[in-house]
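Note sheet for the following structure.
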Amino acid sequence: MSDEQDGLDLDESGPGRVTVSAAAGRRTPRGTLSRQVLLDSAREIVDIGGVTALSMRALGARLGVDPTAIYRHFQNKNELLDALADLMIRGDGALPATGDPAADLRESLRQLRRQLLRYPTLAPSVLRQPPGSGSWWDRMEQAVGARRAGGRSEAEAAAVWQTLLFFVVGHALVEARHLAENLATDRVGAPMPTVNPPRSRYPELAAAAPFLHADLDDQFETGLDSILGTR
């Protein structure tokens, strides 16, 4: 289902530029309610009001159906949120498969970050999916395989994956929170807040402060280089 079909208009000028179309409050034709329709509409609700705005009643109202119809597909809100998190982890496209394990691993991690930043108000829900189930397995298999192809042992490959996972998700969640706050206050594009410590007490931090949030894309790539041992 395309973004136009599911009621989301994405501004490709930057991450987090999500607006909701006039699809709100539509009535779903009888017999067309499906898991995908429910997930698309649930994502729209979260885009507008965050996870706390999502409920079976709110979802039913958005689709023009009795909330009890939703329980045929999802037992409760938590199951619905788990499914949304799995969609974010999986992403819209296939995992990269160029034949270069190291390059494919790096692009897979970039995919995950982009997906989290695409829906910043939903990004925190990714923590609901433990990295040992659902769509995590595909990314884990690729990551461990890439490190094994590079000559690492199983233990080393597992440790590198864990470090990459914590780095990518942590980095993206900090960015996503900032984007979500900007969306809520109509300040899209505002820079990340910086620190301004007294140089007399924190000379090293004061010198590095201008670079802490200088370019988050560059910082992300530098972090990957450091973990993967390419810089």
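Odds and ends about this structure:
- Net length available on complete extension from Ala102 to Asn196 is 30.1 nm, with 0.36 nm assigned per residue and the Cα-Cα distance removed.
- At full extension, Ala155 and Arg177 could sit 4.6 nm farther apart than now, given 0.36 nm per residue minus the alpha carbon distance.
- Taking θ as phi - 60° and the Karplus parameters 6.51, -1.76 and 1.60, the scalar couplings of the stretch 60-70 work out to x, 5, 5, 8, x, 10, 5, x, 5, 5, 5 Hz in sequence order, x denoting glycine and proline.
- Gyration tensor (alpha-carbon) shape descriptor, the stretch 136-231, a/c threshold 1.5: oblate
- Mean sequence separation of contacting Cα pairs (under 8 Å, at least six apart), scaled by the length of the stretch 83-139, corresponds to a relative contact order of 51 percent.
- Mean separation of Cα pairs under 8 Å and 6 or more residues apart, divided by the residue count, gives the stretch 110-231 a relative contact order of 26 percent.
- Residues in the stretch 98-144 average 43 Å² of solvent-accessible surface per residue, probe 1.4 Å, ligands and nucleic acids excluded.
- Three-way shape label, the stretch 189-231, alpha-carbon gyration tensor, a/c 1.5: oblate
- Karplus-derived 3J(HN,Hα), 6.51/-1.76/1.60, for each residue of the stretch 224-229, Hz, glycine and proline x: 4, 4, 5, 6, 7, x
- Compactness of the stretch 64-113 as Cα Rg over 2.2 N^0.38 Å, two decimals: 1.71
- Rounded to 0.05, the FRET efficiency of the Asn78 and Arg114 pair, given R0 = 30 Å and the Cβ-Cβ distance, is 0.70.
- Among the protein heavy atoms, those of Ile227 account for about 40 Å² of accessible surface (1.4 Å probe, every chain in place).
- Whether the stretch 66-220 is rounded, prolate or oblate, judged on the alpha carbon gyration tensor where a/c under 1.5 counts as rounded: oblate
- Radius 14 Å from Cβ of Thr98, net charge of other residues (Lys, Arg +1; Asp, Glu -1): -1
The values are calculated or read from the model by the stated rules, or taken from the named source; none is laboratory data. These figures come from a predicted structure and were not determined experimentally. For neighbour counting, all protein chains shown are included, and Cβ atoms are generated from backbone atoms with ideal geometry for every residue, glycine included. SASA here: full protein model, heavy atoms, side chains in, ligands and nucleic acids out. Shrake-Rupley method; radii C 1.70, N 1.55, O 1.52, S 1.80 Å.
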